[in-house]
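A.B. asks: For reference, the structure I am asking about is given below.
The values are calculated or read from the model by the stated rules, or taken from the named source; none is laboratory data. Since this is a predicted model, take the numbers as computed values, not measurements. Glycine also receives a Cβ, built like all others from the backbone with ideal geometry; neighbour counts cover every protein chain displayed. We work out accessible area using only protein heavy atoms, side chains counted, and drop any ligands, DNA or RNA first. Shrake-Rupley method; radii C 1.70, N 1.55, O 1.52, S 1.80 Å.
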Amino acid sequence: VRVVQDPSQVRDADFLVFATKTYDLQPALDSMRHVFPEYVVALQNGIQKDEQTAAIFGDGRTLGGVAEFGGEIMPDGTVSWTIYERLAIGLMPGGTSDAVDALGESLNRAGFRTEVSPRIRTIEWSKFVVFAGLMPAAVLSRLPTFQILKDADLARICLALFRESAQIAACLGIDLED
């Protein structure tokens, strides 16, 4: 693997992964617009990342993607992994292909627990609904997730936000998963 610090030094790639913070995605995409990979995936939290990616690389090259892992900073400053479920990828807005299946197999062999899903929008929106419901309470309370959900008032706020976000998905015709 060749590593570069200057994106203009990248000449070609079969697969690009953008794993930046959401606010850094657009500059990262812009810095790689000279590359024409077979597939591109953006792994930010949120639901606009796929459209941003497709605007640069095209609908046919853009995969939906979700990284479901996380942790919490403990009182002593250590990090505790709380979730490591999967890396999910799939064709947008849905479906599968032999090439994406092969990509998923390659990622699994490399040690990434990867699922190729024909329902990637469902997975993306399901994560977003949870994120949209928990994040405001987490930021404002500075509490770990389990304490937020144990507090009746904070849990009610989260539930209201979950339901509101789920209604948006339903209006868009996107099913959610547990």
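A.B. asks: Quick one: how many residues across segment 17-29 are modelled with pLDDT of 95 or more and in contact with a Pro (Cβ under 9 Å, 6 or more places away or on another chain)?
C.D. replies: The number of residues fulfilling the criteria is 1.
A.B. asks: When segment 103-123 is examined, which residues are found to be closer than 18 Å to residue 60 by Cα and part of a helix (DSSP H, G or I)?
C.D. replies: Residues satisfying the conditions are 103, 104, 120, 121.
A.B. asks: In segment 84-102, what count of residues is obtained for those that are β-branched (Val, Ile, Thr) and in a loop (DSSP other than H, G, I, E, B)?
C.D. replies: Number satisfying all stated conditions: 1.
A.B. asks: Same structure, new question: Which number in (1) in contact with a strand residue (DSSP E or B) (Cβ under 8 Å, 6 or more places away or on another chain); (2) in a helix (DSSP H, G or I); (3) over 20 Å from residue 11 (Cβ atoms) marks the one condition that residue 81 misses?
C.D. replies: Among (1) in contact with a strand residue (DSSP E or B) (Cβ under 8 Å, 6 or more places away or on another chain); (2) in a helix (DSSP H, G or I); (3) over 20 Å from residue 11 (Cβ atoms), residue 81 violates only (2).
A.B. asks: Could I ask something else about it? With the checklist (1) without any contact (Cβ under 8 Å) to a residue 60 or more places away in the chain; (2) in a loop (DSSP other than H, G, I, E, B); (3) not aliphatic (A, V, I, L, M) in hand, flag the one item residue 46 doesn't pass.
C.D. replies: (1)
A.B. asks: Further question: Determine if segment 66-84 includes at least one residue that is open to solvent by less than 60 Å² (accessible area, probe 1.4 Å), in contact with a helix residue (DSSP H, G or I) (Cβ under 8 Å, 6 or more places away or on another chain) and over 27 Å from residue 143 (Cβ atoms).
C.D. replies: Among the residues of segment 66-84, not one is open to solvent by less than 60 Å² (accessible area, probe 1.4 Å), in contact with a helix residue (DSSP H, G or I) (Cβ under 8 Å, 6 or more places away or on another chain) and over 27 Å from residue 143 (Cβ atoms), which makes the answer no.
A.B. asks: Can you confirm whether segment 34-41 contains a residue that is at pLDDT 95 or above, assigned to a helix (DSSP H, G or I) and more than 23 Å from residue 93 (Cα to Cα)?
C.D. replies: Checking segment 34-41: not a single residue is at pLDDT 95 or above, assigned to a helix (DSSP H, G or I) and more than 23 Å from residue 93 (Cα to Cα).
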